[in-house]
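The values are calculated or read from the model by the stated rules, or taken from the named source; none is laboratory data. Since the structure is predicted, the reported quantities are computational estimates derived from the model, not experimental observations. Here the Cβ positions follow ideal geometry from the backbone for every residue, glycine too, while neighbour counts run over all protein chains shown. Note: areas computed on protein heavy atoms with side chains; ligands, DNA, RNA excluded. Shrake-Rupley method; radii C 1.70, N 1.55, O 1.52, S 1.80 Å.
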Amino acid sequence: QVQLVESGGGLVQPGGSLRLSCAASGRNGRITSMAWYRQAPGKQRELVAIVTNTGRTTVADSVKGRFTISRDNGKNTVYLQMNSLKPEDSAVYYCNAVAYSIDYWGQGTQVTVSS
């Protein structure tokens with residue numbers, strides 16, 4: 001089992017920044033990738049960014065140039081730095097980890113971009 005705990009969400013004005021954190025515990029030694037997804041009301045959950053255990057990253061086109069994913073293997077933590085936030089970035093953001101080919105999810109953290 002892998003447990004994921006997210007933090008860092010909140011309310012921010014358009015153009016602002018937030019940093020999300022996700023700490024993994026449990027059998028995290030076998031985590032092969034960690035990622036951030038988001039889900040807005042009435043929409044499907046979508047991949048925002050992913051980082052593998054080799055450090056390779058991929059971000060969605062909709063956030064490219066604004067969001068950065070990083071991973072601290074020593075702290076078993078993944079971060080999502082979000083800059084130049086837009087109202088359409090508002091969603092519940094979920095941390096994901098894959099270990100032993102099993103998906104694990106955090107409880108989600110709300111990000112609201114509004115003036």
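General remarks:
- Accessible area per residue was computed with a 1.4 Å probe on protein heavy atoms; Thr32 scores about 70 Å².
- Net charge dipole, the range 11-115: roughly 180 debye, given to the nearest 20, about the Cα centre with Cβ charges of +1 for Lys and Arg and -1 for Asp and Glu.
- Reported value for the range 1-91: 100 Å³ per residue, from the convex hull of its C-alpha atoms.
- Which of Asp89, Asp61, Asp103, Asp72 is most accessible, then next, and so on - probe 1.4 Å: Asp61, Asp103, Asp72, Asp89
- Apportionment of accessible area to carbon and sulfur, the chain, percent (1.4 Å): 46 percent
- Where the range 2-93 is the region considered: accessible area per residue in Å², 1.4 Å probe: 53 Å²
- Label-to-label distance, nm, for residues given as Ser7 and Ser101 (7 Å Cα→Cβ offset): 3.5 nm
- Full extension of the chain segment joining Ala60 with Ser17 gains 13.7 nm, where the gain is 0.36 nm per residue of separation less the Cα-Cα distance.
- 10 Å binning of all Cα-Cα separations within the range 73-115, expressed as whole percents from 0 upward: 22, 45, 26, 7, 0
- Taking all protein chains together and rolling a 1.4 Å probe, Tyr100 ends up with roughly 110 Å² accessible.
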